[in-house]
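Since the structure comes first, as structure tokens, the remarks are kept for the end.
The values are calculated or read from the model by the stated rules, or taken from the named source; none is laboratory data. Please read these numbers as outputs of a predicted model, since none were measured by experiment. Here the Cβ positions follow ideal geometry from the backbone for every residue, glycine too, while neighbour counts run over all protein chains shown. Heavy atoms of the whole protein, side chains included, go into the accessibility calculation; ligands, DNA and RNA do not. Shrake-Rupley method; radii C 1.70, N 1.55, O 1.52, S 1.80 Å.
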Amino acid sequence: MTPRKEHRRRVRPEHPVRVEKRTGPGGQPEVMLTRRGVERWRAGHPWIYRADLQADPGLSGGEVVRVVDGRGWLLGQAFYSAASKIALRWLSWDDTPVDEAFFRERIAAADELRRRALPGDTTYRVVHGEADLLPGLVVDRYGDYLSAQFLVKGTDARKEQIADALMAHFGAKGLVNRSDVNVRTLEGLEPEKGILRGEVPPTVAYQEGFITLRADLLQGQKTGAFLDQRENHIVAGQYAFGEALDCFSYVGGFALQLATRAQKVTAVEISESAAALIRANAEANRLNNIDVVVANAFDFLRDAVDEDRRFDTVVLDPPSFAKNKASVDAALRGYKEINLRAMQLINPGGLLITASCTYHVDDAAFEQMLASAAADAKRRVQIVERRGAGKDHPVLLGMPESRYLKCFVLRVS
Ligand code: SAH
């Protein structure tokens, strides 16, 4: 190595150690990316990890910071987090002020996409976080009512401003805050829930095709329902025939659609309150061929195999089995157990509609698990459709984390 190169290395280290307080115009806090951080920014990933930047240790998190490269050139603005490993979440690629008008514009742009993708619909995910360029914010619309999750300090600190922007855009009657989720603890935030604006009735009705469902926005799971499966509910209904089984049914999104074509549907759900909603939803839609069983689906499936029961259409839509990479193996064992049993229960020529919302189990791993279940069940299985979440859950190119839901339609011979 020439002395010249060595000298250059000393003055331009890969990870600079200066952490002095930096501010941009108007006193806005500024953080500087390392070269690796700049690479990530260029690749389009909306997160920057702590090791890839230099920030003033005095920042408490929740700030909208200016982000610059090693030469001081502006790369954009981001929410800063002091607690999470994800230190930055990109908001913009310029220095437009991040104020109520900014949120209004982003919300309007997100909603415009839904109006094009789902014309005439009034129930959909309005904001899908990073994938709608609104990191740490999830908003679902159920007609006149909205249900939001503020997942990071940046959005939590601005929830009044965001609530105003949402209410103004939709002219909504009520807005629920469903930030009662554990991921907030990574940001040093407590889970919280309540009504942020207006009034919200105990249950809210919404359409899925010809079916009307009711969900409890305040006490139900997630934001009240699992809107990511809406299109798959309708598709499952189109395939259904004969004797059907819907495991992990929640408020009956799959079960009710299956019931429009199948002779009889058994809906298995562990939560009593969800099961009560399946019964009420079935009755409201005048579907009297749904049998609701409050049980652990793992036990139900094992007993059904032991009892030699048979079904023609089976849906499996369990909750996420792995919250992190470390639990992927256990998750795959869980998926295999239920899919193997479902295949054993299906009459030849029957259908299995099987989903996984675990991001850490990707398409390839899910497919491999299904192949292994089919081999153990000694059944031949065709993949008819490989589906994902609905169009109101866009995937941000360059951010694999925004694609998490898999839903395969299989025929089991
Ligand atoms: N299929 C639903 C969403 C399912 S979410 C839809 O499309 O809307 C997962 C559901 O599984 C939740 O309602 C949860 O209460 C239920 N659940 C969780 N563990 C369960 C188990 N072991 N057995 C049966 N249901 C379970």
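Straight-line reach from K264: which aspartates and glutamates have a Cα under 13 Å away, not including same-chain ones fewer than 8 places off?
By straight Cα distance, K264 reaches E243, D246, D291, D312.
For the range 209-284, evaluate the Debye formula with one uniform point scatterer on each Cα (no solvent term) and list log10 I(q)/I(0) at q = 0.17 Å⁻¹, rounded to two decimals.
One equal scatterer on each Cα of the range 209-284 leads to -0.57.
Can you give me the three principal axis dimensions of the chain from its C-alpha atoms, in Å, biggest first?
Rounded to whole Å, the extents work out to 77, 58, 35 Å.
Would you mind checking K21/K325; K193/K391; K173/K406; K153/K173 for any pair whose Cα atoms are more than 30 angstrom apart?
Check vs 30 Å cut-off fails for K21/K325; K173/K406.
For a quick check of understanding: with a 1.4 angstrom probe and all protein chains in place, what accessible area in square angstrom does E269 have, to the nearest ten?
Roughly 20 Å² of E269 is accessible to a 1.4 Å probe.
What accessible area per residue comes out for the range 226-412, rounded to a whole number of Å², with a 1.4 Å probe?
Accessible area per residue, the range 226-412: 43 Å².
Using θ = phi - 60° and the Karplus curve 6.51 cos²θ - 1.76 cosθ + 1.60, what whole-Hz ³J(HN,Hα) does each residue of the range 364-374 get, with Gly and Pro shown as x?
With coefficients 6.51, -1.76 and 1.60, one gets 5, 5, 5, 5, 5, 4, 5, 5, 5, 5, 5 Hz.
Run the numbers for A295 and T212: contour at 0.36 nm per residue of separation, minus the present Cα-Cα distance, in nm.
Full-extension gain reported as 27.4 nm.
Using the basic label-point model (7 angstrom from Cα toward the beta carbon), what is the R36 to E401 distance in nanometres?
Taking the two extended label points, one gets 1.6 nm.
State the percentage of accessible surface on the range 100-198 attributable to carbon and sulfur atoms; use a 1.4 Å probe and exclude ligands, DNA and RNA.
49 percent
Charges only on Cβ, +1 for Lys and Arg, -1 for Asp and Glu: so what's the dipole of the range 36-80 about the Cα centre, in debye to the nearest 20?
My answer is approximately 140 debye.
Which is farthest toward the positive dipole end of the chain among A244, L53, Q229, measuring Cα position about the Cα centre, with Cβ charges +1 (Lys, Arg) and -1 (Asp, Glu)?
L53
Taking θ = phi - 60°, what integer Hz values does the Karplus form 6.51 cos²θ - 1.76 cosθ + 1.60 yield along the range 93-108, in sequence order, with x for Gly and Pro?
Karplus values, whole Hz, x for Gly and Pro: 10, 8, 10, 4, x, 8, 10, 4, 4, 4, 5, 4, 5, 5, 5, 5.
Between the DSSP loop rule and a limit of at most 15 other Cβ atoms within 10 Å, which trypsin sites (Lys or Arg not before Pro) in the range 185-292 are left?
Here the sparse-neighbourhood loop sites are R286.
How many nm is it between the label spots at A205 and E272, if each spot is 7 Å from the Cα in line with the beta carbon?
Here the modelled spin labels are 2.8 nm apart.
Expected output is a single nm value to one decimal: the length gained when fully extending between L118 and Y49, i.e. 0.36 nm times separation in residues minus the C-alpha distance. What is it?
Contour length minus the Cα-Cα distance gives 21.3 nm.
Might you report the magnitude of the Cβ-based charge dipole of the chain about its Cα centre, with Lys and Arg at +1 and Asp and Glu at -1, to the nearest 20 debye?
Once rounded to the nearest 20, the dipole reads 1600 debye.
Among the aspartates and glutamates, select those whose C-alpha is under 13 Å from the C-alpha of K159, and discard any that sit fewer than 8 residues away in the same chain.
By straight Cα distance, K159 reaches D99, E100, E192.
Of H393, T354, A364, which is farthest on the positive side of the dipole of the chain, counting Cα position, with +1 on Lys and Arg Cβ, -1 on Asp and Glu Cβ, and the Cα centre as origin?
Working it through, the farthest residue towards the positive pole turns out to be A364.
Using unit Cβ charges (K, R positive; D, E negative) and no other charged atoms, how large, in debye to the nearest 20, is the dipole of the range 349-413 about its Cα centre?
I would put it at about 320 debye.
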